[in-house]
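Take a look at the structure below.
The values are calculated or read from the model by the stated rules, or taken from the named source; none is laboratory data. Worth saying up front: this structure is predicted, and the values here are computed from it rather than measured. Ideal geometry is used to build each Cβ from the backbone, glycine not excepted, and the neighbour counts take in all protein chains shown.
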Amino acid sequence: MDFTMGASAEALRGELRGLVAEHVPPDFLGAFTDDPADLATAQRFCRLLAERGLLCLAWPEEYGGRGASVWEQTVVREEMWAHHEPRGAQYMGVNWVGPTIMRHGTPEQRRRHLPPIARGEVIWCQGFSEPDAGSDLASLRTAARRDRDGWSISGQKIWTSYATMAQWCFLLARTCTGERKQQGLTIFLVPMSDPAIEVRPIDCLMGPHHLNEVFFDDLRVTEADVLGTVDEGWEVVQEVLSFERVGIARYARCERLLQAAPAVLGERWDDLPAELRGRWARMLTHCRRARLLAYQVLATQNEGTVRPGDAAAYRIAVTRLDQESAEVLMEIVASAAPDGAEERRFRLEVEDHWRYSQASTVASGSVQMQQILLSRSLLAS
C-alpha cells in the first residue's frame, strides 16, 4: 500500500527533519526529564515552529494557522513523534484543546486561548481521570456547585500529565446528577496558577512531569470559564477523546526505531536469532496497520464526523504496537553490546521507548475500555 501524500508533503517532511537536525540536540529524548535544558529546548523549538507557521499548520488563518490540510498536519505529527516530540506538551493544545475551543468556545474564549497556543507560549493539562474514575470517566466525583455569580469546584484528579508545568487545565466536573452518569458533566477552562489548585507529582519510571495528582479546594470560576453547555460536557468529551487518541502518531516512532536497528547493528544484525528478526519484520507490518487505522480516523474527521469506534480500533492497535515493538527492540539491543556512540544513543532511545510503552495500556483510556467502545460501535452498526 502506498502511504505517500505527494510532493508537498515530502517537502514538508524534509523541512521538519532539517529543523530538528539544526535546533534539537542529538541526545534529546523528550522534554520531560530531570534536565531543565530539555524543556527549554522544546519551548524554543515550539516557538520556532510557530514563527514558521508549522505549529498549528491546519488551523484556520484567523486563529493563527495556515489553513493547511489535515494530511499536512499529520506529517507534522509523524515527524515530531518520530523524533521524541520536540514540541514538548504542545501537542495537547494543538491537537485537541485548540480545535475544541474553536468548535465549542465563545468568541471571548477563542480570543483569549487560541493565539497563545498558536504561538507556542502556553501548556495545557487535562483534568479528567480520578482515583475512583479512571477509565470509567463518567463516574467522576469532582463537583462544581453554583456559587453566587459562578461556581465552586472541589475534588481530585490523578495521572494528570504536565500539571507541574501547565498554565491552563481542561477540567471536567460534575454539575448535577442525572438518570445516567454521563449526564450532568461540564467542562471548565481554569488557570493552574490559582492558589485553590495544588499539584503533587507522582514518581514513576517515565520520569518527571508525566504523572501528577491535582487537588481543587473550593476553586472559584465564573460562567465565562464554562466551555460549551452546562451539564452537556460528555458529548464534547467523546469528541475530545477521539481527537486525542489519534493525535499522537506513536506508530511513527516505532517505525523509525525498527528501521534503524539493522543499520545501527551493522554486520551483527545477521547474527541475531532468525526468530527475533522475524518478530522485527512483523512489527514493521503492524506499524503500517496502525498508520492505516489512524488515516481512516483522520479521513472521517476531515469530513466533519467523529466515529468513536474507529478511534478505539486505532488506539488498540497502536498500544499493542508500542508494547510489542518495545519488547522486540529491547531484545535486539540486549543481543548486541554497544561499542560506539551511535549504538549507545540507539540503546537510550529504545529504553525510553520501552518505559513509555508501559503506561500506554491505560493512557487516554485503557485498552479494555477501547475494546468495549469498539464492540458497542460494531453492534450498533
- Item | Residues of region 44-79 that turn out to be crowded, with 19+ Cβ neighbours inside 10 Å, within 17 Å of the chain's Cα centre (by Cα) and touching a residue at least 60 places away in the same chain (Cβ under 8 Å), as a count | 9
- Output the residues belonging to region 131-152 that are of a type in the set (Val, Ile, Thr) and farther than 22 Å from GLN238 by Cα. none
- Query: So which of LEU12, LEU49 is under 30 Å from LEU211 (Cα atoms), modelled with pLDDT of 90 or more and not hydroxyl-bearing (Ser, Thr, Tyr)?
  - Reply: LEU49
- Residue pairs qualifying under the 6 Å Cβ cut-off, at least six apart or on distinct chains, with the first in region 141-152 being free of Cβ contacts under 8 Å to residues at least 60 places away in the same chain and the second being hydrophobic (A, V, I, L, M, F, W, C), are none
- Query: How many of the residues in region 310-333 are surrounded by fewer than 19 Cβ atoms within 10 Å (Cβ to Cβ) and more than 17 Å from the chain's Cα centre (by Cα)?
  - Reply: 4
- Could you tell me which of the residues THR305, THR300 is outside the structural domain of HIS83 (by TED's automatic domain parsing), surrounded by fewer than 21 Cβ atoms within 10 Å (Cβ to Cβ) and not in a helix (DSSP H, G or I)? THR305
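Table: residues versus (1) modelled with pLDDT under 95; (2) not in a loop (DSSP other than H, G, I, E, B).
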| residue | (1), (2) |
| --- | --- |
| ILE117 | no, yes |
| GLY120 | yes, no |
| GLN126 | yes, yes |
| SER135 | yes, no |
| ALA138 | yes, yes |
| ARG145 | no, yes |
| SER152 | no, yes |
| LYS157 | no, yes |
